[in-house]
Amino acid sequence: MPDDHVTLDEQLAGGIAKIGAADLVVGIPSLRNAATIGYVAATTAKGLRENFPDARVAIVNADGGSQDGTPDRVVENAAGVPVAVGRYRGPSGKGSAFRAIFTAVDMLGARACAVVDSDLRSITAEWIGRLLTPITRGDVDYVTPLYARHKHDGTITNSVAYPLTRALYGLRVRQPIGGEFGVRADLARAYLEQPVWDTDVARFGIDIFMTTTAIVRGARVAQAFLGAKVHDPKDPAADLGPMFTQVVGTLFRMAADNEATWSKVRGSKAVPLVGDVMPVEPETVPADPARLRAKYAAGKGEQEAAWREILSAPVPDTIDAKAWARIVFDHLGAVLRRPAASEQLARSLLPLYQLRTASFIEEVRDMSTAQSEAVVEEGARVMEEEKRHFDERRSEDRAEGRAATA
């Protein structure tokens with residue numbers, strides 16, 4: 001059982017205790033989101049009432065210490081649904097907020113929970129049903145989102161999180177770090193039991209940790225189509241360095257821990273889809289490839305010595321899908337040799353990601369979002385192919401090692 005004193009402040013723990021019990025919980029992590037979280041809370045409450053009229057439901061807002069009235073907006077707008085608000089404890093970050101939400105799920109004896117971002121402007125009541133209904137029916141254990149996103153949005157997902165997760169674990173989970181998830185309660189408790197909450201999982205590493213853990217545990221995974229995700233998007237040329245390092249560092253570290261699982265995987269398969277995929281044109285996200293190339297040039301000097309040890313070929317001026325897959329697996333090979341250096345190796349990959357993102361933006365400049373999605377899918381297929389070559393090289397290296405010691 002989790003220690004709620006470690007993860008919840010007195011206000012949040014008291015609010016959960018006052019609710020007492022719930023069948024379904026929706027958690028909303030937040031930090032200074034007063035402008036948007038009221039709409040999220042109101043829509044979440046509507047979704048719970050409409051989709052689960054006979055269930056005991058609750059909303060839990062785990063806040064990072066907002067001074068702008070964020071928790072107050074949740075209380076004011078979650079009409080008809082019991083609410084607990086308060087501050088999470090632990091390292092500052094989204095993962096610590098999720099830990100508090102999972103603790104609340106355990107305290108309330110819930111059967112399932114969903115989590116939704118606090119800056120959403122496109123959430124609908126239908127989202128809540130799609131994230132939770134497959135779990136309440138007993139069909140699946142873990143639901144990831146499937147969004148229609150602009151071709152410049154979600155660059156960490158498109159370049160690393162999606163293709164590498166697909167190549168390693170064999171499931172085509174398009175948004176493994178999407179932000180909105182549905183989780184069966186026993187899986188939420190399994191997350192709490194992992195000794196990761198003082199690592200980058202407590203920050204932006206939480207989503208890839210959840211998805212990878214679910215897959216490795218053999219959870220039944222589905223994707224829920226949620227339409228366009230309209231939130232506070234980030235220009236790919238903006239400072240995504242900390243997010244990239246935390247996501248990729250966590251992905252690398254978990255790959256090192258789970259090699260016995262993914263080394264047996266060949267190819268990939270689709271996962272079940274909740275809801276019909278409808279044509280949606282997402283909001284435009286600005287992008288500046290020249291600025292990304294400048295960031296690559298700025299980081300190159302710091303990482304060139306590491307690249308000489310890690311990379312199997314020189315870095316080209318433009319990184320296409322094949323070169324990118326090789327670069328990623330070169331880094332993964334280094335992680336497997338030095339698992340404790342996963343965060344350092346993620347930092348080594350960061351400037352190369354910036355160059356790859358600039359190359360991708362230039363490649364899809366005149367394409368529609370649908371056409372650019374085909375480019376992402378081809379990149380994922382190439383990553384699978386590189387994984388096969390990587391497995392073959394590692395098998396050969398192990399055979400040579402055994403022969404040398406015979």
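No lab work stands behind these numbers, since they all come straight from the coordinates. Remember, predicted model here, so these are calculated numbers, not experimental data. With ideal geometry, Cβ positions are generated from the backbone for all residues, glycine too; neighbour counts draw on all protein chains shown.
With charges set only on the Cβ (+1 for Lys and Arg, -1 for Asp and Glu), what does the dipole of the chain come to about its Cα centre, in debye to the nearest 20?
On the way: 49 positive and 54 negative charges, 131 e Å.
Here the chain has a charge dipole of around 620 debye.
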Mean projection of the alpha-carbon convex hull of region 251-300 over all orientations, in nm²?
7.6 nm²
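Using 0.36 nm per residue of separation minus the Cα-Cα distance, give me the extension gain between ASP54 and ALA370 in nm, one decimal.
Values: separation 316, 0.36 × 316 = 113.76 nm, distance 3.98 nm.
Length difference between fully extended and current span is 109.8 nm.
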Scanning the chain for helices, which whole DSSP H stretches are 27 Å or more long along the axis (Cα) and average -0.5 or more by Kyte-Doolittle?
342-363
10 Å beta-carbon shell around SER368, net charge (K/R +1, D/E -1):
-2
Expected max-MSF residue from ALA313, ALA114, ALA97 in the GNM of the chain (alpha carbon, under 10 Å) is ALA313
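Report, in deg cm²/dmol and to the nearest 500, the calculated mean residue ellipticity at 222 nm for the chain, where each DSSP H run with n ≥ 4 adds -39500 (n - 2.57) and the sum is divided by the residue count. Each step should come with its number before you reach the end.
Working: 15 runs with 211 residues, N = 406.
Rounded to the nearest 500, the figure is -17000 deg cm²/dmol.
Quick one: putting +1 on the C-beta of Lys and Arg, -1 on the C-beta of Asp and Glu, what dipole do you get for region 289-405 around its Cα centre, in Debye to the nearest 20? Before the final figure, lay out each step's value.
Values: 19 positive and 21 negative charges, 90 e Å.
Result for region 289-405 is approximately 440 debye, rounded to the nearest 20.
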When the charge dipole of the chain is computed with +1 on Lys and Arg Cβ and -1 on Asp and Glu Cβ about the Cα centre, the Cα farthest towards its positive end, among ALA313, ALA161, GLN371, belongs to ALA313
State the Cα centre-to-centre distance between region 128-194 and region 295-329 in whole Å.
29 Å
